[in-house]
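Since the structure comes first, as structure tokens, the remarks are kept for the end.
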Amino acid sequence: MSSNKLLDNMGKTVAAVVVTAIGTTIIPGIMDGIKARELQRQEQRKDWIKVPRVKAADLSETQQVITEAKLRYITIKVKPHRRFCNCKANTVINTFPKAGTSVAPTSIITLYYVTQEIINESKQLVVDAENKKAQQKIAQYDKLTDIKTRTRDALAKKRLTKKTLDK
């Protein structure tokens, strides 16, 4: 065996002994600390409550469910968006924290909901977007028609000029 390989093997053996020695004295202490913190965290969370699934439910029913779960809530009306066009009025669109999340009993759940006014405004956004798209298509068609007309006129003028020169 070459001297380099021998030194390399000896270095690995020494490193393994040092790691083992450190591991037997330090790692158990670290692990005990981690276990203690995890047990403390579990103890703190034993009274936590899961956020109920209320998405797409009526706002008043949702408020009752949240209250029965011994949680507090605030309501926020969402802004108009095309994804709200087909919703029912006074429907919960989303919650924060999400359903199924465990929260402290003192937590406040945010209920995002949609009203008939928001639904109507959302529908108008869709109509406006469709009208804008139609206007863009008309403008594009008009532009192409104009280019076609100018090209045809230019070719006709060129032919007329050529006929005049040929005579």
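You will find that of T161, T106, the residue that is part of a helix (DSSP H, G or I) and either more than 22 Å from the chain's Cα centre (by Cα) or not assigned by TED's automatic domain parsing to the domain that holds S60 (or both) is T161 and no other.
One residue stands out among those in the range 109-132 that are aliphatic (A, V, I, L, M) and assigned to a helix (DSSP H, G or I): the one that is farthest from Q64 (Cα to Cα), which is A129. Given the condition outside any helix (DSSP H, G or I) and among the small types (G, A, S), answer yes or no: does some residue in the range 133-150 qualify? No. Taking first residues from the range 119-132 that are in contact (Cβ under 8 Å) with a residue 12 or more places away in the chain and partners that are surrounded by 15 or more Cβ atoms within 10 Å (Cβ to Cβ) and part of a helix (DSSP H, G or I), the Cβ contacts under 8 Å between residues at least 6 apart in sequence or on separate chains come to I119/F84; S122/F84. Criterion first (within 30 Å of A129 (Cα to Cα) and modelled with pLDDT of 95 or more) does K77 satisfy it? Judged against the criteria, K77 is a match. Answer yes or no as to whether T101 is at pLDDT 90 or above and in contact with a Lys or Arg (Cβ under 8 Å, 6 or more places away or on another chain). Yes; evaluated as a whole, the condition is true for this residue. Out of all the residues in the range 81-105, which are β-branched (V, I, T) and either under 14 Å from T62 (Cβ atoms) or without any contact (Cβ under 8 Å) to a residue 24 or more places away in the chain (or both)? T91, V92, I93, T95 - these are the residues of the range 81-105 that are β-branched (V, I, T) and either under 14 Å from T62 (Cβ atoms) or without any contact (Cβ under 8 Å) to a residue 24 or more places away in the chain (or both).
The values are calculated or read from the model by the stated rules, or taken from the named source; none is laboratory data. Everything quoted here is computed from the prediction, not taken from an experiment. All Cβ positions, even for glycine, are placed from backbone atoms using ideal geometry, and neighbour counts span all protein chains on display.
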